[in-house]
């Protein structure tokens with residue numbers, strides 16, 4: 001299976017046609033949206049965006065999405081927030097929002113709440129889909145500070161998912177392999193960044209930021 005992975009749309013209308021074009025050209029099986037679909041709302045814009053993506057869409061909210069975005073994801077896509085499901089031969093587990101930030105954004109959760117929500121869902125070798133990255137993985141801000149979630153990192157260390165897909169930190173796109181887990185930050189879709197995730201026996205990813213443009 002092959003998926004287009006995007007994050008941090010932040011209400012940019014032009015991402016719709018761009019994402020559909022890439023997905024069509026590469027013949028992906030679906031699109032995974034890692035949150036921050038809107039820029040502080042309105043929640044219904046998330047439904048507008050997701051409803052126009054032509055492939056099956058798996059989505060979670062981000063910290064810049066008001067909590068009401070979850071309802072619109074459920075109406076127009078496959079919502080993974082605080083859920084797990086089988087997709088092909090793999091288990092997808094999702095967690096939207098983020099750990100606390102200095103900006104006081106609409107959908108921030110304590111590290112305790114993140115761990116309390118994720119732990120009952122977890123199993124080994126899953127595909128973990130979060131908005132916030134695990135601490136220490138693709139999470140360096142422009143100031144050089146690590147901004148990822150300690151709770152997600154603790155969960156990863158314990159359950160060793162096959163892949164962790166996260167957005168949130170626009171300036172830290174990248175792919176890292178550590179202890180058998182692939183960590184992917186596709187970058188911000190608002191800046192014409194995306195990634196492809198392939199799951200055909202092996203888990204592979206590649207960034208598309210230098211291959212496609214608006």
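Quick note: the coordinates plus some simple rules give every number you see, no bench work behind them. Note that this is a predicted model, so its numbers are computed, not measured. So basically every Cβ, Gly included, is an ideal-geometry build from the backbone, and we count neighbours across all protein chains shown.
Legend: P(r) of the stretch 55-142 from all alpha carbon pair distances, 10 Å bins from 0, whole percents, reading 16, 48, 31, 5. Of all DSSP beta bridges confined to the chain, the antiparallel ones make up roughly 50%.
Helices in the chain, meaning DSSP H runs of at least 4 residues, each add -39500 (n - 2.57). Divided by all residues, the mean residue ellipticity at 222 nm is -6500 deg cm²/dmol. Along Cα→Cβ, 7 Å out, is where each label goes; now give me the distance between the ones at residue 1 and residue 89 in nm to one decimal. With each label placed 7 Å out from Cα toward Cβ, I get 1.2 nm.
Full extension from residue 178 to residue 75: what is 0.36 nm times the residue separation minus their Cα-Cα distance, to one decimal in nm? Working shown, then result.
Numbers: separation 103, 0.36 × 103 = 37.08 nm, distance 3.60 nm.
Gain on stretching residue 178 to residue 75: 33.5 nm.
If R0 equals 35 Å, the separation of the Cβ atoms of residue 150 and residue 200 corresponds to a calculated FRET efficiency of about 0.60. Placing a pseudo-label 7 Å from each Cα along the Cα-to-Cβ vector at residue 55 and residue 17 gives an inter-label distance of 2.0 nm.
The calculated FRET efficiency for residue 113 paired with residue 143, based on their beta-carbon distance and R0 = 25 Å, is about 0.45.
Modelled spin-label separation between residue 101 and residue 160, with each label point placed 7 Å from Cα along the Cα-to-Cβ direction: 3.3 nm. Annotation: the antiparallel percentage among DSSP beta bridges lying fully within the stretch 91-182 is about 25. Classified by the C-alpha gyration tensor, the chain has a rounded form. Its axis ratio a/c, with a ≥ b ≥ c, is below 1.5. Only Cα pairs under 8 Å and 6+ residues apart enter the sum, and on that basis the relative contact order of the chain stands at 20 percent. By the beta-carbon count within 10 Å of each Cβ, the least crowded to most crowded order of 170, 81, 90, fewest first, is 90, 170, 81.
Packing order of peptides 186-194, 128-136, highest average first: 128-136, 186-194 (average count of other Cβ atoms within 10 Å over each peptide's residues). Rounded, prolate or oblate: which fits the stretch 13-87 when a ≥ b ≥ c are the square roots of the eigenvalues of the alpha-carbon gyration tensor, with rounded for a/c under 1.5 and prolate only if a/b beats b/c? In terms of gyration-tensor shape, oblate. Taking the DSSP beta bridges with both ends in the stretch 53-131, the antiparallel portion is around 40 percent.
Tell me whether the stretch 118-179 comes out rounded, prolate or oblate; compute the Cα gyration tensor, take square roots of the eigenvalues as a ≥ b ≥ c, and use a/c under 1.5 as the rounded threshold. Prolate. Look at where the Cα atoms of the stretch 1-75 and of the stretch 143-193 average out, and the two centres are 18 Å apart.
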